[in-house]
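**Student:** Here you go, one structure.
The values are calculated or read from the model by the stated rules, or taken from the named source; none is laboratory data. On a predicted model such as this, the values are computed, not experimentally measured, just so you know. Methodologically, a virtual Cβ is constructed for each residue, glycine included, from the backbone with ideal geometry; neighbour enumeration extends over all protein chains shown.
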Amino acid sequence: MSSLVIYFSRSGENYFGGELKNIEKGNTEVIAEYIKELDNADLFKVEPAVEYPEDYMKCIDIAKKEQQDDVRPEIKETLDNIDAYDTIYIGYPNWWGTLPMPMFTQLEQLDFTGKTVKPFVTHEGSGFGSSLKDIEKLCKGAEIKNGLSIPGANVENAKSTVEAWINE
């Protein structure tokens, strides 16, 4: 069985338990790398063609506007198909209650029929928000498994939690 992680992650200034901190690697990317190591999964990082600002407040303003306008931002590279994979992990930070809009851009282009989808989210208290409903719409034809929700402040110590989830 082969696995793929499709994820969006953002480094730079991020929100952690009431304060802003600069991070070199995004929280979702840390979890994606755990999955790669633990399940021998391939990785595909969804990256916007125009990077979001480093400044957290400017970034979330843009993200909120994209969501309100139902924008599909252009992405740097597009994954054309997932035919070679049985299990697809979909990872993202919770942005305004759902997936960042570049994930919509990518996921809408794929055929999930017959795939197993395992969503995971990093957040600072909002969990999945309404993103699981969006995953169901974006991944038509897939069997959606239980998701994994990890507070961003806990990602560095979450490897065993990720492993238990993978093995469910």
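**Student:** Look at the range 31-57 and say how many of its residues are more than 15 Å from S11 (Cβ to Cβ) and not aliphatic (A, V, I, L, M).
**Tutor:** First pass over the range 31-57, keeping only residues more than 15 Å from S11 (Cβ to Cβ): 34-44, 49-50, 57.
With the extra rule that they be not aliphatic (A, V, I, L, M), the set shrinks to 34, 36-37, 39-40, 42, 44.
Total satisfying the criteria: 7.
**Student:** Can you list residue pairs whose Cβ atoms sit under 7 Å apart, with the first residue in the range 24-41 being under 18 Å from T87 (Cα atoms) and the second being in a helix (DSSP H, G or I) and at pLDDT below 95? Count only pairs 6 or more apart in sequence or on different chains.
**Tutor:** I31/V155
**Student:** May I ask you to list pairs of residues, at least six apart or on different chains, whose Cβ atoms are under 6 Å apart, with the first in the range 64-92 being more than 11 Å from F44 (Cα to Cα) and the second being surrounded by 15 or more Cβ atoms within 10 Å (Cβ to Cβ) and small (G, A, S)?
**Tutor:** The qualifying pairs are T87/S3.
**Student:** Collect the residues in the range 1-47 that are out of contact with any Gly (no Cβ under 6 Å at 6 or more places or on another chain) and in a loop (DSSP other than H, G, I, E, B), keeping them in residue-number order.
**Tutor:** Scanning the range 1-47 gives M1, S2, F8, G17, G18, E24, K25, G26, N40, A41, V46, E47.
**Student:** List, please: which pairs have Cβ atoms under 7 Å, are six or more places apart or on different chains, and start with a residue in the range 142-166 that is aliphatic (A, V, I, L, M) and modelled with pLDDT under 95 and end with one that is crowded, with 20+ Cβ neighbours inside 10 Å and not in a helix (DSSP H, G or I)?
**Tutor:** What qualifies is V155/T122.
**Student:** Here is a list: V46, V30, V50. Which entry is under 20 Å from W96 (Cα atoms) and surrounded by 14 or more Cβ atoms within 10 Å (Cβ to Cβ)? Show your work before the answer.
**Tutor:** On the way: V30 fails: under 20 Å from W96 (Cα atoms); V50 fails: surrounded by 14 or more Cβ atoms within 10 Å (Cβ to Cβ).
When all the criteria are applied, what remains is V46.
**Student:** If G17 satisfies every condition in (1) modelled with pLDDT of 95 or more; (2) surrounded by fewer than 16 Cβ atoms within 10 Å (Cβ to Cβ) but one, which is the exception?
**Tutor:** The failed condition is (1).
**Student:** Take the range 122-147 and flag every residue that is closer than 15 Å to S9 by Cβ and touching a helix residue (DSSP H, G or I) at 6+ places or on another chain (Cβ under 6 Å).
**Tutor:** T122, E124
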